[in-house]
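Reading through the structure tokens given below for one structure.
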Amino acid sequence: MSVAQMLPPAVTTKGPSLETIGMTKVFGSLVALNDVSIKVPAGSFHALLGENGAGKSTLVKCIMGFYIPDKGALKLDGQEVAVHNPRDAQALGIGMVYQHFTLVPSLTAAENLVASRADAPAVINWRKERRELETFLDRMPFRVPLDRPVSSLAAGEKQKLEILKLLYLNQRFLILDEPTSVLTPGEADEILGLLRDMAHRGEITVAMISHKFREVEAFCDDVSVLRRGAKVGGGKVGVLTTREMAAMMIGDAVIRQSAARVDPPRIGASLEIAGLFVENDEGRDAVAGFDLKIKSGEIVGIAGVSGNGQSELVEALSGQRPIKMGQVLINDQDFEPKRDHFYRFKVFGLPEEPLKNATVPTMSVAENMAFRSFDKPPIASMKWWLSPEPMRAQARDLIARYNVKTPTPDTPIRDLSGGNVQRAVLARELSVDVDVLIVANPCFGLDFVSVADIRAQIMDQRNRGAAVLLVSEDLDEILELSDRIAVISEGKVAYLTPAAGADRTTIGRYMAGH
Amino acid sequence: MNDGLATVLIAMLGGAIRVSTPFMFVALGECLTEKSGRVNLGLEGTLVLGAMVAYAASYHTGSPWAGVFAAGVAGSALGAMHGSICKLPKVNDVAVGIAMMLFGTGVAFFFGKPYIQPTAPRLPSLPLGGWSDSSSLKSALDVNPLFFVGIVIAIVMAWALRNTRWGLVVRTVGDSAAAARAMGISVDLVRFLTTTVGGFLAGVGGAFLSLSYPGSWNQGLSSGQGLMAVALVIFARWNPMRCVIAALLFGGAGAIGPALQSVGITQGYYFFNAAPYILTLVIMIATSSAKRSARDMPGELSMAR
């Protein structure tokens, strides 16, 4: 029995065309979406480009029925449709893959698929369901293991399962919200390629929100660019150049030039990691025999598929996770990730998800900026008596120097935008003398201006002689910033190469574990 | 001496069966509630109220089974109250649970005063020891039907969590509320229902206390069984079948003290009475690694976040 037979006859198995007409959404005084009209022809792969806050999410949320637009209409296959809530969108065959997974971690892939069905039977006959799932998967371009809990699947498999879920529910207009941010370049290319082929066969229509020009150019047919809630351009991919698209996205904002790589003074400290073992939450060795030496004035980029020990490595080095075995040496001296050692060896860090890993969200910007210095003069006298005024003065200075946009130094830091939280942390970590810098995914989810700014700051530190360990899931970022590249696979360095002349495919092959 | 050992073991078996039943019901109720991502610490209060209502209903109607049912209804009412209060924004389920615990016991004591004296009809038990000559074995195997009902409920619950749509919905809500909402499931409604059903089971557990063993109503009836059952759920790692095993183990340990006393060993009586508590501590420390229980823990529980 095929999936088509299981489904109500009214639902087509062809990708529909979709059109928004004059879509407008106002939140209070903020016009999040201003008269946006976008046309996605049937069987095409459309890219939605724009900076953070440009209105891409608002637009797709209006399409999906999470928001009711104040003005404007939605046409599916040329007919105007009303979508009042996500259920309506689902019934019309419009499905969305979110940036964060919407799978249930403790359920298996099969359970996730069946549970997502609105018409799941009250008592589930697993033998029958399994058979139907197998026939469904046979018709799909990719498959996932059905019987393992989703929590044990790799990010790429989860992403595939998310897409499979939409197809399983017979949703033929797919909206993808930055679907590749958790994937390796290889996985991303595979999934996007398969989706494009399905679209060109007319089976689905895809609209993808993306930041990555490379993917847009390789896989998409058309592009629409949003800026400040309005559609500012668009056209055929291939006719538009990257430069033109970038210009539309950024408008007149000034982007900081990336700092040039200069020969650093070889006076700083070196970082050496020897035979490091770190356990993950499940008690397995996520970092297993990791060896790396970073010289002063050098950025070593750690590339790898997420889940190969990168987070555990960074957490261990920043003192968030115990080191099971192995040594960390700075200038040939034993380094233990404790507060006094951080201070003595001048070790600083920009962990991933800074709001979670580097700040106390409910404390003020000023307090968060004082984490390194609150127990030292001038903020603390006699080591325990804190004075708020020097703390605020320091914060005001850092806010001005690092261009952090916050209403006041006393605003809770969680009220700041992602880019500004990252800048506040950057200000705290980089405003003093840095010998060793540990950076993880510093630009995740940030806009162009912030990205350029943050990368330039990291390069500045290198040029001043700091040893920089850069862990990133963005291979382009690693290629741009690093002096040497180390590929991490199953917790150890699988491949080490100078960045100059490094080859993407070779790196990709080692990332995949070959 | 061998006789003595046999007596102790038989008494422990009987104790395990008797003492474990309320644990089993409360733990199963709590297990269901926690599977949906909410903690109801108020089940101690539900247990006590269930015991009182069961005794009163049995006294007035003359039917102990009507008492059991009334206890379940009273428990559901408390569960529903917990569930609807927790729907309100910014309400913490643990704090509400503690309030509900005090509320439940308070209400039970208030209305239970007149029922301390009279005798209500008790639940009949099944004499399963008829084949044996030993009177101690006979009395040990005098099993209350609720014991088997509890085991059946555990089996059904374990099966339903895997094989029914409702089971998948409950686990989805318990593990990822965001995913549940994206599917159009009303998270609050599911949690309200699981808390209500959990309350029903805990109320029935209370009925066992007053209508079977110890079998009378007074204010010192429950010595924290409701709270211990919540701990049992963690120990059982949110698996209904393991809840039954944990309850039996706990019941057996609780019987050590009285069993030793019955063969004349009075030394360390209080120590042996504390056995279940010591045993729980020891087992908890020995078997539960924080990492392992974290993996089975529903992701939405407030203690998981």
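Computed from the coordinates by the stated procedures, all read-outs in this text should not be read as laboratory data. Since the structure is predicted, the reported quantities are computational estimates derived from the model, not experimental observations. Please note: Cβ atoms are built from the backbone with ideal geometry, for glycine as well, and neighbour counts cover all protein chains shown.
Treating each Cα of chain A as an identical point scatterer and summing with the Debye formula, the log10 of I(q)/I(0) at q = 0.07, 0.10, 0.13 Å⁻¹ comes to -0.44, -0.89, -1.34. Between B:Phe148 and A:Thr362, what FRET efficiency comes out of the Förster formula 1/(1 + (r/R0)^6) with R0 = 56 Å and r the beta carbon distance, rounded to 0.05? With R0 = 56 Å, the Cβ-Cβ based efficiency is 0.65. Each of B:Trp65, A:Trp385, A:Trp126 was scored by other Cβ atoms within 10 Å of its Cβ. Arranged with the fewest first, they read A:Trp385, A:Trp126, B:Trp65. Farthest towards the positive end of the charge dipole of region A:363-431, among the residues A:Ala427, A:Thr411, A:Ala370, is the Cα of A:Ala427, using unit charges on the Cβ of Lys, Arg, Asp and Glu. Over region A:304-434, the Kirkwood radius and the radius of gyration, each from Cα atoms, give a ratio Rg/Rh of 0.99.
Once the convex hull of all Cα atoms in region A:21-119 is built, its volume per residue stands at 137 Å³. Per residue of B:180-193, other chain Cβ atoms within 10 Å of the residue Cβ number 2 on average. Rg and Dmax over the alpha-carbon atoms of region B:68-112 stand at 11.4, 35 Å. With one equal scatterer per alpha carbon and no solvent term, the Debye-computed log10 I(q)/I(0) for region B:146-305 at 0.13, 0.18 1/Å reads -0.75, -1.27. For the pair A:Ala500 and A:Ala91 in one chain, pulling the backbone fully straight at 0.36 nm per residue adds 142.1 nm over the alpha carbon distance. For region A:400-480, the Cα gyration tensor yields ellipsoid semi-axes of 22, 16, 10 Å (square root of five times each eigenvalue, largest first, whole Å).
Sort A:Val104, B:Val263 so the one with the fewest other Cβ atoms within 10 Å of its own Cβ comes first.
Least to most surrounded, the residues fall as B:Val263, A:Val104.
Taking 20 Å as the straight-line reach from the Cα of A:Lys405, the lysines in range (excluding those fewer than 8 positions away in the same chain) are A:Lys356. Principal axis extents of the C-alpha atoms in region A:169-283 (largest first, rounded to whole Å): 58, 46, 25.
How much net charge surrounds B:Leu41 when only other residues with a Cβ under 11 Å from its Cβ are counted (Lys, Arg +1; Asp, Glu -1)?
Local net charge: -3.
According to the Cα-based calculation, Rg over Rh for region A:363-431 is 0.96, with Rh computed by the Kirkwood formula. Rounded, prolate or oblate, given the Cα gyration tensor of region B:109-181, with a/c below 1.5 counting as rounded? Note, shape of region B:109-181 comes out oblate. Inverting the pair-averaged 1/r between distinct Cα atoms of region A:3-250 gives 18.6 Å as its Kirkwood hydrodynamic radius. Computed on chain B, the Cα convex hull volume stands at 138 Å³ per residue.
Among A:Met23, A:Met511, B:Met297, B:Met24, the order by Cβ neighbours within 10 angstrom, fewest to most, reads B:Met297, A:Met511, A:Met23, B:Met24. Taking a ≥ b ≥ c as the square roots of the eigenvalues of the Cα gyration tensor, an a/c ratio of 1.5 or more together with a/b no larger than b/c marks region B:9-95 as oblate. Of all the options B:Thr196, B:Thr266, B:Thr119, the one that moves most in a Gaussian network model of chain B with Cα springs shorter than 10 angstrom is B:Thr266.
With a ≥ b ≥ c the root eigenvalues of the C-alpha gyration tensor of region A:44-85, is it rounded (a/c under 1.5), prolate (a/b larger than b/c) or oblate? Because a/c hits 1.5 or more and a/b fails to exceed b/c, region A:44-85 counts as oblate. Loop-located trypsin sites (Lys or Arg not before Pro) across region B:1-99 with a Cβ neighbour count of 11 or fewer within 10 Å are B:Lys90, with loop assigned by DSSP. Which residue fluctuates most in the GNM of chain B (Cα springs below 10 Å): B:Pro118, B:Pro258, B:Pro276? So, out of B:Pro118, B:Pro258, B:Pro276, the one fluctuating most is B:Pro118.
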